[in-house]
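The values are calculated or read from the model by the stated rules, or taken from the named source; none is laboratory data. On a predicted model such as this, the values are computed, not experimentally measured, just so you know. Because the Cβ atoms are built from the backbone with ideal geometry, glycine has one as well, and the counts that use them run over all protein chains shown.
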Amino acid sequence: MQEQEASATRARAASLALMSATSYPQDRLDGFLAALVASDRPEHWQQAGEILSGDTRNPLTLTVLQKLRQWQPQDNAIRMLLLRTAREQCHYPVLAAEEPALRAELAQGGTACLTHEPPHASLMWEPDEALNRLASLVPGFSLTPAMPALRRRQPHIWGDKIRIGYLSCDLWDDHATMRLLRTVIASHDPGRFEITLFCYTPEQFLAFDHGGRNEWGTIVSITEMTDNEAAAAIKARGIDILVDIKGHTRGTRSQLMNRPLAPIHVQWLGFPGTCIEIDCDYVIGDRFVLPEISKPHYHEKFCRLPECYQPNDPVHRPLPEPASRLALGLPSDRVVIGAFNSQRKNSLETMALWAEILKANPKALLWLMVDGNGARQATSAHFKSLGVKQSQLLFAPKMAYAGHLARVQAADFAIDTFPCNGHTTTSDMLWAGLPVLTKRGSNFASRVSESLLNAIGLPELVAQDDKALIDLVTGLVNDPLKVKSLKQHLADQRFKAPLFNSKRFCRHLEAAYTMMAARARAGLEPDHFDVPLAPKGIPA
């Protein structure tokens, strides 16, 4: 009781501080927060921490969390938030100090800390599916064993067409998800499927849409609706299969899936793993990201597509001419290895492996995308501590999508991150004609690049382990003709291989929906199944 009262008192103090602070202009707010952080009074740190907790890119957030960590070393909420913030800011001293102790604790069965870790954050550093499942900081979500059975028993009228509903806040044509999904949604057979998009995309992002939304079917906006109102709007459409393409990612309203909205609930594409506390019958994947050994770690049944789980749009994705190395400030006489995944994925494991690769290939240059001077300096310092010379590093700023696809073509090949691979980033690289090297993973997030490389016909770029990846990179560094051959393969297969054949993908997806609906109409419980491979010849 005392702890609850203390927590409530801190929350009220933080709320008052926030109301006072946010009435100021930004410069005064920054000064107010800096004063709280610089104070020697823990209650001021607590207030600053409450205000800054959602701003993981702010250097003040890291500073105040370090103070709070020292003040309350047993508080796992502070501990896990500190680690998430350090990953965002590439602050490797914090990671190097905290992660080994955390892993030792987990190895001994001490998993209570994971209740303070969001599922998506877990994927940035933890490759064990059993532990990923325990990362359960999902406020507002609650799934009981009775809920799926109750939902499936609801009366439902099936029609001649299968009514598919997609639920997302990413429904604008320049979002990464729609760069994958756009043509697939537009390719659904209108004679067999009726498509409705339940959209809660924020208004500011709709302003960036260039007209793609007009091609995607009926759009029902639930942005301004309460959950009760949104649930009623979804039920009113008589949806047969409701597909959540967000899961445990930013801005989600996946808690709606915990209402009896459709006979079949599916999770796909948004979250690479099991969606704990969300009522879904199926997760859509493929044999690479969802192997047999993963089944015990999912409450969803596996629906495995035959070629790749990830759709890719070959119609609207830009394919600009390559930028020159001269224009980009890249040397013409060195092998350039690209690393363009989100910086939070540059884990201790990844950095150590990249360091070994660079030391084994001293003439190679790592061209990596890290945003902000502080994060770049921290990354350089960590590489130096691992024995890598500054002359082997070059940082790439963030830039507009088409310009990014133009510049990445100047690299010789790209290297992946672990345990969380590139997802859309990997398919972007392959689309642009840049080979991506990866290694075999142990959970969905670490197997994505393997899936994509197999779908483009390059399984040889998937190493079995760290040593094999170092050898693979070294081989390419010393074999420019092989690099040229790989790039030519990607150019030749761009409109031939399954990876970028969105219409063929759509036929497989429709087969999956048809098989799900057939089971439900027959009164059968959901079960694992594999979608048969369609005949060759469906054009991209």
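So that you can scan it fast, the table gives a plain yes or no per residue for (1) out of contact with any strand residue (DSSP E or B) (no Cβ under 7 Å at 6 or more places or on another chain); (2) buried (at least 19 other Cβ atoms within 10 Å of the Cβ); (3) of a type in the set (Asp, Glu); (4) farther than 21 Å from Ala233 by Cα:
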position	(1), (2), (3), (4)
Ser136	yes, no, no, yes
Pro148	yes, yes, no, no
Arg151	yes, yes, no, no
Gly159	yes, no, no, no
Leu167	no, yes, no, no
Asp170	yes, yes, yes, no
Ala176	yes, no, no, yes
Arg182	yes, yes, no, yes
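For Asp173, the test of being in contact with a Gly (Cβ under 6 Å, 6 or more places away or on another chain) and over 24 Å from Ala512 (Cβ atoms) is passed. Screening the candidates Gly270, Gly212 for the property of being buried (at least 19 other Cβ atoms within 10 Å of the Cβ) and at pLDDT below 95 yields one hit, Gly212.
With respect to the conditions (1) outside any helix (DSSP H, G or I); (2) more than 19 Å from Gly247 (Cα to Cα); (3) not charged (D, E, K, R), Leu82 lacks only one, and its number is (1).
Here Asp55 fulfils each of the conditions (1) at pLDDT 90 or above; (2) surrounded by 14 or more Cβ atoms within 10 Å (Cβ to Cβ); (3) within 23 Å of the chain's Cα centre (by Cα) apart from (2). Scanning region 50-94 for residues that are aromatic (Phe, Trp, Tyr) and farther than 18 Å from Ser342 by Cβ yields a single hit, Trp71.
If you go through region 396-423 and pick out every residue that is surrounded by fewer than 17 Cβ atoms within 10 Å (Cβ to Cβ) and either among the hydrophobic types (A, V, I, L, M, F, W, C) or outside any loop (DSSP other than H, G, I, E, B) (or both), you end up with 5. The condition of being surrounded by 14 or more Cβ atoms within 10 Å (Cβ to Cβ) and free of Cβ contacts under 8 Å to residues at least 24 places away in the same chain does not hold for Glu126. Residue-level check: of (1) of a type in the set (Asp, Glu); (2) modelled with pLDDT under 95; (3) not in a loop (DSSP other than H, G, I, E, B), Asp40 misses just (3). Among residues of region 49-79 being hydroxyl-bearing (Ser, Thr, Tyr) and assigned to a helix (DSSP H, G or I), the one that is farthest from Leu137 (Cα to Cα) is Thr63.
Do we have Asn478 as surrounded by fewer than 23 Cβ atoms within 10 Å (Cβ to Cβ), closer than 24 Å to Arg504 by Cα and of a type outside the set (D, E, K, R) here? Considered against the rule, which asks whether it is surrounded by fewer than 23 Cβ atoms within 10 Å (Cβ to Cβ), closer than 24 Å to Arg504 by Cα and of a type outside the set (D, E, K, R), Asn478 comes out as no. Scanning region 455-485 for residues that are in a helix (DSSP H, G or I) and either in contact with a Ser or Thr (Cβ under 6 Å, 6 or more places away or on another chain) or over 19 Å from Arg440 (Cβ atoms) (or both) returns Val477, Pro480, Leu481, Lys482, Val483, Lys484, Ser485. Selection over region 128-149 of residues that are outside any loop (DSSP other than H, G, I, E, B) and under 27 Å from Arg103 (Cα atoms) gives a count of 4.
Filter region 423-449 for residues that are within 22 Å of Ala323 (Cα to Cα) and small (Gly, Ala, Ser); which is nearest to the chain's Cα centre (by Cα)? Filtering region 423-449 for residues that are within 22 Å of Ala323 (Cα to Cα) and small (Gly, Ala, Ser), the one nearest to the chain's Cα centre (by Cα) comes out as Ser427.
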